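Report on the following structure.
The values are calculated or read from the model by the stated rules, or taken from the named source; none is laboratory data. Everything numeric here is computed off the predicted structure, so don't read it as measured data. Here the Cβ is made from the backbone with ideal geometry for all residues, glycine too, and neighbour counts use every protein chain on show. When the accessible area is computed, the model is the full protein with side chains, heavy atoms only, and any ligands, DNA or RNA have been set aside. Shrake-Rupley method; radii C 1.70, N 1.55, O 1.52, S 1.80 Å.
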Amino acid sequence: MSTHTFPLADAEATRAWGRELAAVLRAGDLVVLTGELGAGKTTLTQGIGVGLGVRGQVASPTFVIARVHPSLDDGPALVHVDAYRLESLDDVDALDLDESLEDSVTIVEWGSGLVESLAADRLEIVLDRPRGAGPAGPDAAAAGDDEDPAAGVRRVTITTHGDRWAGVTIPMPHVG
């Protein structure tokens, strides 16, 4: 297990890092995303979707719970899940995620505490976007940056679990 923490300047930096992260993802990978509303979970997944070259607009699957984005080439599909409204392991089992896990990259927003049993090898990514500390500093809240989901620095903590990630270099965002 290894853990890395770094900042992402805004929503575009989050998408760009997602595109880079997609380069190390492969079929069978489980990514568990944690963070408050507006932290950038779906934004990161959009970048991963572009990097994987999948079909369809990646949007929050809050109301449909799970959405499959097939690959436009020979890469893996993206299974994007929003577990916010799931209440138990039985709810997770009902989604049959284990059926598509081997052939897809599966990303589960709000999945912490619910989906870890699907794969011992996984990435856990926590996105934190401190309120009132956007790009303009503590006065940013007064300027409305707290209301703009694209604004504000995110702090990302990524933890690798399992043998799959031994020796894999997780891309770090370009700062600058």
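Points to keep in mind about this one:
- Among all positions in segment 12-21, there is no residue which is within 12 Å of the chain's Cα centre (by Cα), modelled with pLDDT of 95 or more and within 18 Å of Leu97 (Cα to Cα).
- Residue within segment 96-107 that is assigned to a loop (DSSP other than H, G, I, E, B), modelled with pLDDT of 90 or more and either in contact with a Lys or Arg (Cβ under 6 Å, 6 or more places away or on another chain) or among the hydroxyl-bearing types (Ser, Thr, Tyr) (or both) present: no
- Scope segment 6-22; condition more than 18 Å from Leu123 (Cα to Cα) and in contact with a Leu (Cβ under 7 Å, 6 or more places away or on another chain); matching residues: none
- Meets criteria (farther than 13 Å from Leu30 by Cα, open to solvent by 30 Å² or more (accessible area, probe 1.4 Å), modelled with pLDDT under 95 and touching a Lys or Arg at 6+ places or on another chain (Cβ under 9 Å)) for Arg155: yes
- When Thr62, Thr106 are checked against the criterion of being on the phi < 0 side of the Ramachandran plot and touching a residue at least 60 places away in the same chain (Cβ under 8 Å), a single residue qualifies: Thr106.
- Residues located in segment 1-25, provided they are of a type in the set (Gly, Ala, Ser), in contact with a Gly (Cβ under 7 Å, 6 or more places away or on another chain) and assigned to a helix (DSSP H, G or I): Ala11, Ala16, Gly18, Ala22
- Flag if Ser71 is within 13 Å of the chain's Cα centre (by Cα) and surrounded by fewer than 18 Cβ atoms within 10 Å (Cβ to Cβ): no
- For segment 26-62, the set of residues classified as open to solvent by less than 10 Å² (accessible area, probe 1.4 Å) and part of a strand (DSSP E or B) consists of Leu30, Val31, Val32, Leu33, listed by residue number.
- Hey, Ala143 surrounded by 14 or more Cβ atoms within 10 Å (Cβ to Cβ) and either more than 17 Å from Thr45 (Cα to Cα) or at pLDDT 75 or above (or both) or not: yes
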